[in-house]
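Working notes, structure below.
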Amino acid sequence: MKITAITPRQILDSRGNPTLEVDFSVQNQVYRAAVPSGASTGTHEAVELRDGKPAYHGKGVQKTIAHVKKLAKKIKAKTFTTQNQFDGFLLQQDGTPTKKKLGANTLLALSLAFARGHAGKKRLYADLAEALKKTPRLPLPFANVLNGGRHAGTPLKIQEFMVVPVGAKTFSEATQMVSEVYHSLKKDAVQKFGASAGNVGDEGGIAPPLQNTRQALDLIWRAVEENGYSQKMALALDCAASEFYERGTYYVDGKHITPAELTQYYLDLHGQYRFISLEDPFHEESFTEFGVLTRLLRGKAQVVGDDLTVTNPRRILQAKKSCSALLLKVNQIGTLSESFAAAKTAESLGWNVMVSHRSGETEDAFISDLATALACGQIKLGAPARGERTAKYNQLLRIEEDGVKLKLFSLPH
Ligand code: PGA
Ligand code: ZN
């Protein structure tokens, strides 16, 4: 593959912060990719390079643009055939374990644009699946319908309250179920707490002024029941617990509690609400506590590593006994090849894999094709509202037209 032009630009993400987008020209066609950005980021994520200058309150990405321009000369002078080869070149140019020299955002924009260029006229998911030697499968949406924590600014400490349409037969049906529940939930919240309860957080979920977790779960479950989906829908949580951890204790539902008390808190919640997935229940270094809960919930719910594992094969192996599922975020590691390696490592441990967006997103729906190609069966993509979130749902609806089947949910063994 011969890349003839590379154009980087600074665009805005869904929170209105600058981010990097790159265009590749290959045989007179333009292939584009943009980089997302987190708010509750893990300490061990690869480095997101920002300018630190007054413009955009320090969040500009002009440095990444300068890096892309420099790399562009070298890239255009070479011919690359595979993603591995291209990403290998990027890693060699950076040469640091954290990508701090060039920035994970610089590398990711190039890596994803390369994948699109490589696919050419072929569907992106089909080209990726071929390289992975997988049969593409549509993922089940994990829809964050109620936002808390850093994404909402309400007293709710748990960050994400998700519904999962486990009984759906197709992705279209899954989308319909999620959308109907989302709108009922919004209506109920407005009725109960007033018009502002329908305002949304960073991932498009409503952000009502609730005090505790059970209130949120009750409100969501009522919306599920109103639509007659209680047998076909399940709940899932992303606690993002690093955000409410301080010096050995967790502050949740108005109380400071110990890790052991938090474990019991999750078990009690599971007893009542039967959630099927629990992400980052403890702070990002708590390998042991994660492991205890994973064992206690085995066969009942998957325990997902996000800030703990940061899509990094080394951290995933370290967390071998700590989780039963991987949250896969391409910008946590910085290249597509390394994201594939992370998924492979997780699979080799018998874990499930969930591809994920970030709270700061763009219109780029790369992750929809990625989740389909990985055939991992799970994608976290926010509420079925706001353009940067619906872009992902809509791409999956288009992929379904090709006859790709939805993968059914199953718990890790
Ligand atoms: P982030 O949140 O994108 O702000 O990190 C998503 C998550 O914690 O999963
Ligand atoms: Zn998370």
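General remarks:
- Between E289, E225, E243, E261, the distinction of being within 16 Å of ligand 1 (Cβ to nearest atom), of a type in the set (D, E), over 30 Å from D369 (Cα atoms) and open to solvent by 50 Å² or more (accessible area, probe 1.4 Å) belongs to E243 only.
- Residue match in region 56-76 (condition: open to solvent by 30 Å² or more (accessible area, probe 1.4 Å), in contact with a Phe, Trp or Tyr (Cβ under 9 Å, 6 or more places away or on another chain), away from ligand 1 (no atom under 16 Å from the Cβ) and not small (G, A, S)): yes
- Every residue from region 202-222 that is in a loop (DSSP other than H, G, I, E, B) and open to solvent by 10 Å² or more (accessible area, probe 1.4 Å): D202, A207, P209, Q211, N212
- Residue in region 328-339 that is open to solvent by less than 10 Å² (accessible area, probe 1.4 Å), within 14 Å of ligand 2 (Cβ to nearest atom), at pLDDT 95 or above and within 23 Å of A236 (Cβ to Cβ) present: yes
- Against the numbered list (1) touching a strand residue (DSSP E or B) at 6+ places or on another chain (Cβ under 8 Å); (2) over 15 Å from G148 (Cα atoms), H183 comes up short only at (1).
- Single unsatisfied condition, G120 versus (1) modelled with pLDDT of 95 or more; (2) over 30 Å from D87 (Cβ atoms); (3) surrounded by fewer than 18 Cβ atoms within 10 Å (Cβ to Cβ): (2)
- Test: P97 is over 25 Å from F340 (Cβ atoms), open to solvent by 10 Å² or more (accessible area, probe 1.4 Å) and either more than 16 Å from ligand 1 (Cβ to nearest atom) or without any contact (Cβ under 8 Å) to a residue 40 or more places away in the chain (or both): no
- Of note, L156 satisfies the criterion of being closer than 18 Å to R214 by Cβ, within 16 Å of ligand 1 (Cβ to nearest atom), of a type in the set (A, V, I, L, M) and out of contact with any strand residue (DSSP E or B) (no Cβ under 7 Å at 6 or more places or on another chain).
- Every residue from region 127-160 that is within 21 Å of the chain's Cα centre (by Cα) and either of a type in the set (S, T, Y) or assigned to a helix (DSSP H, G or I) (or both): L128, A129, L132, G149, R150, H151
- Selection count, region 380-395, where residues are open to solvent by 30 Å² or more (accessible area, probe 1.4 Å) and within 16 Å of ligand 2 (Cβ to nearest atom): 0
- Evaluating H256 against the criteria (1) in a helix (DSSP H, G or I); (2) open to solvent by 50 Å² or more (accessible area, probe 1.4 Å); (3) closer than 30 Å to Q211 by Cβ; (4) not β-branched (V, I, T) leaves one unmet condition, (1).
- Within region 265-285, being open to solvent by 30 Å² or more (accessible area, probe 1.4 Å) and either in contact (Cβ under 8 Å) with a residue 60 or more places away in the chain or within 16 Å of ligand 2 (Cβ to nearest atom) (or both) holds for H283, E285.
- In this structure, A195 does satisfy being among the small types (G, A, S), away from ligand 1 (no atom under 16 Å from the Cβ), out of contact with any Pro (no Cβ under 9 Å at 6 or more places or on another chain) and not assigned by TED's automatic domain parsing to the domain that holds D13.
- Residue, surrounded by the most Cβ atoms within 10 Å (Cβ to Cβ), within region 292-327, restricted to residues that are small (G, A, S) and over 30 Å from Y125 (Cα atoms): S322
- The set of residues from region 150-164 being open to solvent by less than 20 Å² (accessible area, probe 1.4 Å) and within 13 Å of ligand 2 (Cβ to nearest atom) comprises H151, I158, Q159, E160, F161, M162.
- Selection status of K329, within 16 Å of ligand 1 (Cβ to nearest atom) and outside the structural domain of V35 (by TED's automatic domain parsing): yes
- Extreme residue, farthest from the chain's Cα centre (by Cα), among residues of region 342-362 that are in contact (Cβ under 8 Å) with a residue 60 or more places away in the chain and away from ligand 2 (no atom under 13 Å from the Cβ): G350
- Whether a residue is over 23 Å from D127 (Cα atoms), open to solvent by less than 30 Å² (accessible area, probe 1.4 Å) and under 27 Å from the mean Cα position of the chain (by Cα) was assessed, and D51 passes this test.
The values are calculated or read from the model by the stated rules, or taken from the named source; none is laboratory data. It should be emphasised that the depicted structure is a prediction, and the values quoted were computed from it without experimental measurement. With ideal geometry, Cβ positions are generated from the backbone for all residues, glycine too; neighbour counts draw on all protein chains shown. Only protein heavy atoms, including side chains, enter the accessible area calculation; ligands, DNA and RNA are left aside. Shrake-Rupley method; radii C 1.70, N 1.55, O 1.52, S 1.80 Å.
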